[in-house]
1. Confirm whether Leu48 is surrounded by 12 or more Cβ atoms within 10 Å (Cβ to Cβ) and within 25 Å of Leu104 (Cβ to Cβ).
2. Tell me, please, whether a residue that is modelled with pLDDT of 70 or more, closer than 30 Å to Leu32 by Cβ and either surrounded by 10 or more Cβ atoms within 10 Å (Cβ to Cβ) or not small (Gly, Ala, Ser) (or both) can be found in region 116-135.
3. Please verify whether Ala70 is surrounded by 15 or more Cβ atoms within 10 Å (Cβ to Cβ) and not polar (S, T, N, Q), treating the condition exactly as stated.
4. Among the residues of region 64-97, write down those that are over 19 Å from Val31 (Cβ atoms) and in contact (Cβ under 8 Å) with a residue 12 or more places away in the chain.
5. Tell me, yes or no, whether region 104-113 has at least one residue that is under 10 Å from the mean Cα position of the chain (by Cα), part of a helix (DSSP H, G or I) and surrounded by 13 or more Cβ atoms within 10 Å (Cβ to Cβ).
6. Take Lys33 and decide whether it is within 22 Å of Thr17 (Cα to Cα) and exposed (fewer than 15 other Cβ atoms within 10 Å of the Cβ).
7. Can you confirm whether region 27-39 contains a residue that is over 27 Å from Gly110 (Cα atoms), of a type outside the set (Ser, Thr, Tyr) and either out of contact with any Pro (no Cβ under 9 Å at 6 or more places or on another chain) or in a helix (DSSP H, G or I) (or both)?
8. If I ask for residues that are exposed (fewer than 12 other Cβ atoms within 10 Å of the Cβ) and within 20 Å of Lys54 (Cα to Cα), which ones from region 78-98 would you list?
Amino acid sequence: MQKIQRRRKVEGDVEKTMTTVIEMMGRLEAVLKKENDALRAMDRQKFLDLQLEKVSLAKNYEIEAQKLMALRGNIGKAGNDLKKNLKESHASFSEHADENLNILLHRKDGASRLNRRIMEAARDALTQKEERYDSSGKMYQRGHKKTLSSGVMDSV
């Protein structure tokens, strides 16, 4: 009798944990969808507003996933519908997480390209000199006159 009660408790624990993990994946997936929409719309504030919620959900998901991993030997005892639901939820969540990663990488690459262009433009601006000379052979540079030496007159 105790064996049957213990088995039912373990099955109940596994099913409860699986249900919680499915729920957590659904909530995280919903946040990722909102984040993906914010990234596509380049809505920085909406993206930032979602970060606290995402971190909190991710921590809770991690705790529940660890519980499920501890019970993994008993997952086979759970109902087939629940196992199927867990697999489908995981596949959907993974798809949205991959999409999120791709969007973030795309934004990172765009920001890197923009930074490179800004640095190149700054370097070009610093290295380009408009050299203008007056009738006495002095070069104008940023409003100041500097005397140029060709080296010929210095050796005489």
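The values are calculated or read from the model by the stated rules, or taken from the named source; none is laboratory data. Being a predicted model, the structure only gives us computed values, none of them experimental. Ideal geometry is used to build each Cβ from the backbone, glycine not excepted, and the neighbour counts take in all protein chains shown.
1. On the way: surrounded by 12 or more Cβ atoms within 10 Å (Cβ to Cβ): no; within 25 Å of Leu104 (Cβ to Cβ): yes.
Here the answer is no, as Leu48 does not meet what is asked.
2. Checked region 116-135: at least one residue is modelled with pLDDT of 70 or more, closer than 30 Å to Leu32 by Cβ and either surrounded by 10 or more Cβ atoms within 10 Å (Cβ to Cβ) or not small (Gly, Ala, Ser) (or both).
3. On the way: surrounded by 15 or more Cβ atoms within 10 Å (Cβ to Cβ): no; not polar (S, T, N, Q): yes.
Taking the combined requirement at face value, the residue does not satisfy it.
4. Answer for region 64-97, where residues must be over 19 Å from Val31 (Cβ atoms) and in contact (Cβ under 8 Å) with a residue 12 or more places away in the chain: Lys67, Leu68, Leu71, Asn74, Ile75, Lys77, Ala78, Gly79, Leu82, Lys83, Asn85, Leu86.
5. Taking region 104-113 as the starting set, the residues that turn out to be under 10 Å from the mean Cα position of the chain (by Cα) are 104-108.
If we keep only those that are part of a helix (DSSP H, G or I) too, we end up with 104-108.
Retained after the next criterion (residues that are surrounded by 13 or more Cβ atoms within 10 Å (Cβ to Cβ)): 104, 107.
Yes, region 104-113 contains a residue that is under 10 Å from the mean Cα position of the chain (by Cα), part of a helix (DSSP H, G or I) and surrounded by 13 or more Cβ atoms within 10 Å (Cβ to Cβ).
6. Working: within 22 Å of Thr17 (Cα to Cα): no; exposed (fewer than 15 other Cβ atoms within 10 Å of the Cβ): yes.
Considered against the rule, which asks whether it is within 22 Å of Thr17 (Cα to Cα) and exposed (fewer than 15 other Cβ atoms within 10 Å of the Cβ), Lys33 comes out as no.
7. Taking region 27-39 first, the residues over 27 Å from Gly110 (Cα atoms) are 27.
Okay, now just the ones that are also of a type outside the set (Ser, Thr, Tyr), so 27.
Those still in the list that are either out of contact with any Pro (no Cβ under 9 Å at 6 or more places or on another chain) or in a helix (DSSP H, G or I) (or both) too: 27.
Looking through region 27-39, at least one residue is over 27 Å from Gly110 (Cα atoms), of a type outside the set (Ser, Thr, Tyr) and either out of contact with any Pro (no Cβ under 9 Å at 6 or more places or on another chain) or in a helix (DSSP H, G or I) (or both).
8. Ala91, Asp98 - these are the residues of region 78-98 that are exposed (fewer than 12 other Cβ atoms within 10 Å of the Cβ) and within 20 Å of Lys54 (Cα to Cα).
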